[in-house]
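Just so it is clear, none of the values below were taken in a lab; they were calculated from the coordinates. Worth saying up front: this structure is predicted, and the values here are computed from it rather than measured.
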Amino acid sequence: MKKILTLALTAFIINTGYSFNCLDNLKLEKNKENKFNLKHSKPKRGYKKGIKNVTDDGFFINAGTSFYSKNFFMQKGLTNDSKYRFGLGPNLEVGNMFRAFWSDNAVLGIRVSWLTLNYSCLKAENKSQYQVLQASLLKFGPYFTAALSNEMGFDIFAQISPTYLYNTKDTTGNNGYAGFPYVLGFDIRYEGITIGTDFNIGTASLVDEHANNLFTKPQIGYLRIFIGYKF
């Protein structure tokens, strides 16, 4: 009887040890599996939570300063030989970038600027002789993005810019002009922060005359420097 009890107790101890060993092995396998899955679920190097990839599309807003050429608002074909120039003016732009074709490192898409506003004035004899408010609606065109990392990249873009200009001359009246200049630009982005520049080239035509004006087709080119954010 004692031998039977001894054998039973020995078998119980062996089975218990074997069971614990199996449980330890199972935990080890699970830990290996979890480590494997965790490793492969990690985002790419450089990614930060809450920051979109530089190749993603999205909404943007930019603000900056416009630099006007000496021939800004001069009749096409004429040159401004006077000392008077339109001064620096503020600008604001809101729009969206829409991806069409993309990979991990490059994007080709459509850049749409819903609204762009510019303002400037020309002063002579310490008086504001001309004031120009320029509004562009639905500027659109292609853009190309090259990613330098997940957070950093640069854009090259070109747009057609349907534009209306409202011009006041002293207190004698105002005129309206419309045109379709084109835009060539470049910017660099880091974690959504954008710094860039573009050049607007073209002319506008007199469409709404309320004051005598010799300029029926003025030049409206300017250089813009901006800083903004892409969401």
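Using the Kirkwood formula on the Cα atoms of segment 58-230, what hydrodynamic radius do you get, in angstrom to one decimal?
On the way: mean 1/r = 0.0591 Å⁻¹.
One over the average 1/r among Cα pairs gives 16.9 Å for segment 58-230.
Return the Cα extents of segment 181-231 along principal axes one, two and three, sorted largest first, each rounded to a whole Å.
The Cα atoms of segment 181-231 stretch 50, 18, 12 Å along the principal axes, largest first.
Given Cα pairs under 8 Å that are at least 6 residues apart, what percent is the relative contact order of segment 58-230?
23
Which of 76/123; 70/217; 83/123; 70/123 have a Cα-Cα distance over 18 Å?
Details: 76/123 21 Å; 70/217 16 Å; 83/123 10 Å; 70/123 13 Å.
Distance filter (> 18 Å) returns 76/123.
Starting from the Cα gyration tensor of segment 73-152, take the square roots of the eigenvalues, sort them a ≥ b ≥ c, and report rounded, prolate or oblate (rounded when a/c is under 1.5, otherwise prolate if a/b is larger than b/c, else oblate).
It is prolate, given that a/c is not under 1.5 and a/b is the larger ratio.
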